[in-house]
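K.L.:
Quick one: structure below, then a few questions.
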Amino acid sequence: MEFFRDIEITLRKIGSSVLTPHRHHYFELLYILEGAGVHTINNNHYPYAKGNLFLLTPEDAHSFKTIANTRCCIIDFTKGLFSKRHHRETDRAEIAEFFVSLEYIFHNHQSLKGYIDMDPQEAALTDALIMQLIREKEQSRIYSGIIIQNIVFLLLNIIARLIQENIAGELKTAGIKSIVHEVTTYIQQHIYHKELLKIENLSTHFHKTPDHLNRYFKMQTGLTLKTYINRYKLNLVETRLRYSDLTISEIAIEMGFTDESHLNKFVKRAYGQTAKSYRKMTTIDFHG
């Protein structure tokens, strides 16, 4: 298993009073090891302290204003990680679950407000995992690679669970029944399994008739199940076009399209241009 090499782990001191706004590769987790101050993300100001964990995407411009000298651990998910053609076929099956968690986080992170809120037990577990991650990275002992990978897996699953719980809470507050959240989560977790997302199979899984499930989902969300599935699939296609170097053909195969032409029609219906044109227009160069 080699793909953990595409996860960069760095320790950084932030000693200056103000760090100018900047962006990063794909997305990163930033854990405060010590210090205090204000972390500004997209002009929103969040006080931070030891033990806070932030999730940053490429769209986020962020900066620090320190009150006390700050040290943090950064887990940076690089572009190479999302270019699956760089990994052996045997790796792909092993990292499938990893990508599902990662994509769920990436496409639902808006539910997070500032740092990731955790209860004391989760905070203690996260701190222990980060400390072990740092030790494995610095000592580079036997099996360090697989341990680093598994720690990152566990952190992502903890974050994914917290995001799910946040969304469920927001929906409950808005008066939307929890089954809607269960359906959308199921769709996102099984987006690569076309058969499971057929309306008859979805309705069987949720113990509803196809017509009842579709009508209920539309009443609660304003979207049919098919529309929701296509929108989420479009989000994943867009992510690959913007942040990976997979070819259009590889993206088409990975996302379950018949061929590149089929994918182009799908993208053109949404954006009025081919996948290649959309990629040229939207790709962000963070190093240029």
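The values are calculated or read from the model by the stated rules, or taken from the named source; none is laboratory data. Not measured: the values here are computed from a predicted model. Glycine gets a Cβ as well: all are built from the backbone with ideal geometry, and neighbour counts include every protein chain shown. Keep in mind that these areas ignore ligands, DNA and RNA; they rest on the heavy atoms of the full protein, side chains included. Shrake-Rupley method; radii C 1.70, N 1.55, O 1.52, S 1.80 Å.
K.L.:
By the gyration tensor of its Cα atoms, with a ≥ b ≥ c the square roots of the eigenvalues, what is the shape of region 170-227: rounded for a/c under 1.5, prolate for a/b over b/c, or oblate?
P.N.:
Values: a/c = 1.89, a/b = 1.44, b/c = 1.32.
Because a/c hits 1.5 or more and a/b exceeds b/c, region 170-227 counts as prolate.
K.L.:
Find how many whole Å separate the alpha carbon centroid of region 202-238 from the alpha carbon centroid of region 157-195.
P.N.:
So the two Cα centres are separated by 12 Å.
K.L.:
Given a 1.4 Å probe, how much area per residue of region 128-269 is accessible, in Å²? Each step should come with its number before you reach the end.
P.N.:
On the way: 7620 Å² over 142 residues.
With all protein chains present, region 128-269 gives 54 Å² per residue.
K.L.:
Also, quick follow-up: Using a 1.4 Å probe and counting only protein heavy atoms, arrange 277, 203, 178 so the residue with the most accessible area comes first.
P.N.:
Values: 277 50, 203 5, 178 75 Å².
These residues rank, largest area first, as 178, 277, 203.
K.L.:
Set the Förster radius R0 to 51 Å, insert the Cβ-Cβ distance between residue 140 and residue 179 as r into 1/(1 + (r/R0)^6), and round the FRET efficiency to 0.05. All intermediate terms of the calculation are to be shown ahead of the outcome.
P.N.:
On the way: r = 47 Å, r/R0 = 0.93.
Taking R0 as 51 Å, the efficiency between residue 140 and residue 179 is 0.60.
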